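What follows is a single structure, written as structure tokens, with notes after it.
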Amino acid sequence: MSNYHIKNLEEYFQVYRKSVRNPTHFWEEIAEENFLWRKSWDSVMTWDKAKSKVTWFEGAQLNITENCIDRHLISKGNQTAILFEPNSTDEPAQHITYHQLHERVNQMANVLKAKGVQKGDRVCIYLPMIPELAIALLACARIGAIHSVVFAGFSSTALASRINDSDCKLVITSDGSYRGSKTIDLKGIVDEALSNCACVEKVLVVKRIHTEIPMQAGRDEWIQPLLDEASMVCAPTIMEAEDPLFILYTSGSTGKPKGMVHTTAGYMVNSAYTFKNVFQYRNNDVYWCTADIGWITGHSYIVYGPLANGATTIMFEGVPTYPDCGRFWEIIAKHKVTQFYTAPTAIRALAKESLDMVNKHDLSSLKVIGSVGEPINEEAWHWYNDNIGKGKSPLVDTWWQTETGAIMISPIPFATPTIPTYATLPLPGIQPALMGDNEDELIGNQVEGKLCIKHPWPSMARTIWNNHKRYQETYFSAYKDMYFTGDGALRNSVGFYRITGRVDDVIIVSGHNLGTAPIEDAINEHPAIAESAIVGFPHDIKGSALYGYISLKNTGESRSHENLKIEINQLITERIGPIAKLDKIQFTEALPKTRSGKIMRRILRKIAAGEFDQLGDISTLLNPEVVKSIIKNVV
Ligand code: 6R9
């Protein structure tokens, strides 16, 4: 029996039990049997609990691109590795074979080298969903540079702070991007960001939308002529198992975004293993994940996991509603997609449209459908399961995080039964624990608590870039010797897990994690504003949307509330990006506070949700009278 590919429930339980008895042996077998190593490891895992330092496969040497590309060349050289579906339906899809991917990655790797990028240097990638994005990640990995992808929907301020935090010396971007019927001036955003980034020496620009853009002499260069001249041969740099592969920023509940650091070997083994099992990928399948590579889902399940398994992976440049809201279903029919992986927010938006938009497309190629990014509500689960999965393709609700690197809790299709809204069972090698309010582990079934993970797993983030202290405090200080996820969960009567949502100040809007602190910081920059508090409230399509309580300075503000609202959202768009705009804004003379001066967000959340009868005891507040007036003026 190979541990690598689980085919039924009995096998799952067998493998799971084995993995819990001896996690290191379990992962070692998988690593040994399924990957290409230049040198084997000296130790499978080390865990220094006092320092929160974990290593996997230390002593091993490898290059992840050899595993994702080179080793498939003989058997799959002419198979499509990346299938690119452009934004416009008038532009043909591109099939990039493993051979071509090999050539293009090597060319880009050689260009980076020629520009002075060396092993360990950080490269920022700010690109739309075009093939060059995946190629750029792999080119960095080829030469041991650490990539830091910034989602191309982030503003110039957000981009600049990420570039500076990890001291990137080179940026790869494009002249612009297509988004449905619109174009976005990405290079302009980069130019603005770089006026505050002294560390960046070079900018390489992909031509995508063919607009006239300014190029700064000595700094900016079009990438294509350089690629055309570059050799298609580039020997992979041999990496140590624990060398960083990439940094990816994620919002925290406080402070600036955290640069999560993922290392090479463990991330590769874990992302590949979970891809194979959760999607039950077989030869000749066509797999499609609709995420953007700017998020962890795209890193692990568009690029590394699929390619490590020699899969065909689709990259879609556009949006689900362009040219019409049947686009997803049209693409599934067009490319005979076998596995489809998307987010609940997309499902909720498309479920509002007429079913004809679905039913006119042939979805019979589908075998597995998946969900990720936030809890999937019951209604959306049924709509997706019935109309897309047709009740025959299992719906895998996959729970995981940027920090975990790979899927942690998820059904395995055709093995684990699926239940609406349940992520069901932990994957082999993963040991969840639910913690009670007294920091005790809740044993047995029918319990609800805070979700932790007991034993290290290979793809866990090793640190926060330049801030190991914050890593320790955020993830390893709440409970002894456990990783704390920031999520709540329940375990039902048969041991299946349901994720109930964040238990901290992170709000998930349309699947994007947003910390309340950076949004409040942006708002508080407004000269008329004294204080603000952001909370999430239930929203039909976005899952959660943002509600802002704003108190103004007593300076005789002459601007109207309507104008202030516009200015607040402008500030947020500039500082963070349009995804963080507030759906509702309420002006209030004060915010409810505890006697120690903390804003009582719990109460503000209840008010925003309309649950006025569930405020709990407010008598201990410093200013209980404020609550009444907030309720009276609720938006
Ligand atoms: C992969 C990804 C992580 C947070 C996580 C949780 C929420 C993700 C979920 C889910 C319920 C699921 N989340 N998947 N909640 N069910 N299937 O999304 O990473 O962007 O870091 O977000 O998303 O709250 O803690 P990331």
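Some observations on this one:
- Every pair of residues 6+ apart whose Cβ atoms lie under 9 Å, when the first sits in the range 24-50 and is farther than 18 Å from MET239 by Cβ and assigned by the TED database to the domain that holds ASP70 while the second is of a type in the set (Lys, Arg) and assigned to a loop (DSSP other than H, G, I, E, B): LYS49/LYS480
- Residues of the range 522-552 that turn out to be over 19 Å from the mean Cα position of the chain (by Cα) and within 15 Å of the ligand (Cβ to nearest atom), as a count: 2
- Lone unmet requirement of (1) in a helix (DSSP H, G or I); (2) within 28 Å of VAL319 (Cα to Cα) for TYR267: (2)
- Total residues in the range 34-93, condition among the polar types (S, T, N, Q) and assigned to a strand (DSSP E or B): 5
- Scanning the range 397-429 for residues that are hydrophobic (A, V, I, L, M, F, W, C), closer than 20 Å to GLU379 by Cβ and within 9 Å of the ligand (Cβ to nearest atom) yields TRP399, ALA423.
- Residue tally, condition within 16 Å of the ligand (Cβ to nearest atom) and over 20 Å from GLN280 (Cα atoms), over the range 348-372: 1
- The set of residues in the range 274-292 that are closer than 16 Å to CYS68 by Cα and either acidic (Asp, Glu) or within 16 Å of the ligand (Cβ to nearest atom) (or both) comprises THR274, PHE275.
- Residue in the range 359-369 that is crowded, with 24+ Cβ neighbours inside 10 Å, touching a strand residue (DSSP E or B) at 6+ places or on another chain (Cβ under 6 Å) and closer than 30 Å to THR65 by Cα present: yes
- Number of the condition not met by PRO375 [criteria: (1) more than 11 Å from the ligand (Cβ to nearest atom); (2) modelled with pLDDT under 95]: (1)
- Qualifying residue in the range 500-516 (condition: surrounded by fewer than 17 Cβ atoms within 10 Å (Cβ to Cβ), closer than 29 Å to PRO375 by Cα and out of contact with any strand residue (DSSP E or B) (no Cβ under 8 Å at 6 or more places or on another chain)): no
- Single residue of the range 234-252 satisfying the filter (assigned to a loop (DSSP other than H, G, I, E, B) and buried (at least 24 other Cβ atoms within 10 Å of the Cβ)) that is nearest to the ligand (Cβ to nearest atom): SER251
- The set of residues in the range 480-521 that are part of a helix (DSSP H, G or I) and either within 9 Å of the ligand (Cβ to nearest atom) or without any contact (Cβ under 8 Å) to a residue 60 or more places away in the chain (or both) comprises GLU520, ASP521.
- Annotation: VAL117 fulfils all but one of (1) outside any helix (DSSP H, G or I); (2) surrounded by fewer than 22 Cβ atoms within 10 Å (Cβ to Cβ); (3) at pLDDT 95 or above; the unmet one is (2).
- Yes/no for TYR475 being of a type outside the set (A, V, I, L, M), farther than 26 Å from ILE576 by Cα and touching a residue at least 12 places away in the same chain (Cβ under 8 Å): no
- Enumeration of residues in the range 458-479 that are within 13 Å of the ligand (Cβ to nearest atom) and either on the phi > 0 side of the Ramachandran plot or not in a helix (DSSP H, G or I) (or both): SER459, MET460, ALA461
The values are calculated or read from the model by the stated rules, or taken from the named source; none is laboratory data. What you see is a predicted model, and the numbers here were worked out from it, not measured in a lab. Note that each Cβ is placed from the backbone with ideal geometry, even for glycine, and that neighbours are counted across all protein chains shown.
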